[in-house]
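Each remark here refers to the structure printed beneath this line.
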Amino acid sequence: MGLGSHANVYNTCLRILRKRGFALRVEGELGDDGCWPTEARWIAEKDGFRFLADNPIELFGLVALQDHFQPAEDIPYWWRQDGDDVWEELMSAAFPD
């Protein structure tokens, strides 16, 4: 089985976040035609932490970092994981010189 990042997953992410007690909102500018914004900022807040993302899946992922690290307070880089640069390793393997 698999799952991909697609708009059809957005509502599930938002429902789970709401069920976990996060206050949710979205900010952006309506398009010139009055349609919902194509570029919006998705926001989740709880217990003094605020998460900002470009879509609900990213928002869910940021909250997952908090779940993993369980920070006691909002200090700089509480989310940072020391170790190998896996991003660089994977990019170099996919796109060698």
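The values are calculated or read from the model by the stated rules, or taken from the named source; none is laboratory data. Predicted, not measured: the structure shown is a model, and the values here were computed from it. For neighbour counting, all protein chains shown are included, and Cβ atoms are generated from backbone atoms with ideal geometry for every residue, glycine included. These accessible areas exclude ligands, DNA and RNA; they are computed on the full protein's heavy atoms, side chains included. Shrake-Rupley method; radii C 1.70, N 1.55, O 1.52, S 1.80 Å.
Would you please name the residue that is nearest to residue 4 (Cα to Cα), looking only at residues in segment 39-97 that are in contact (Cβ under 8 Å) with a residue 40 or more places away in the chain and not polar (S, T, N, Q)?
Residue satisfying both the conditions and the ranking: 57.
From 82, 67, grab the single residue that is part of a loop (DSSP other than H, G, I, E, B) and open to solvent by 60 Å² or more (accessible area, probe 1.4 Å).
82
Hey, among the residues in segment 27-62 that are among the β-branched types (Val, Ile, Thr) and closer than 16 Å to residue 12 by Cα, which one's most open to solvent (accessible area, probe 1.4 Å)?
Taking the candidates together, the pick is 57.
In segment 1-37, how many residues are farther than 28 Å from residue 48 by Cα and touching a Ser or Thr at 6+ places or on another chain (Cβ under 9 Å)?
Number satisfying all stated conditions: 1.
Here is a list of conditions, (1) open to solvent by 40 Å² or more (accessible area, probe 1.4 Å); (2) modelled with pLDDT of 90 or more, and residue 72 meets all of them except one; can you say which number that is?
Unmet for residue 72, out of (1) open to solvent by 40 Å² or more (accessible area, probe 1.4 Å); (2) modelled with pLDDT of 90 or more: (2).
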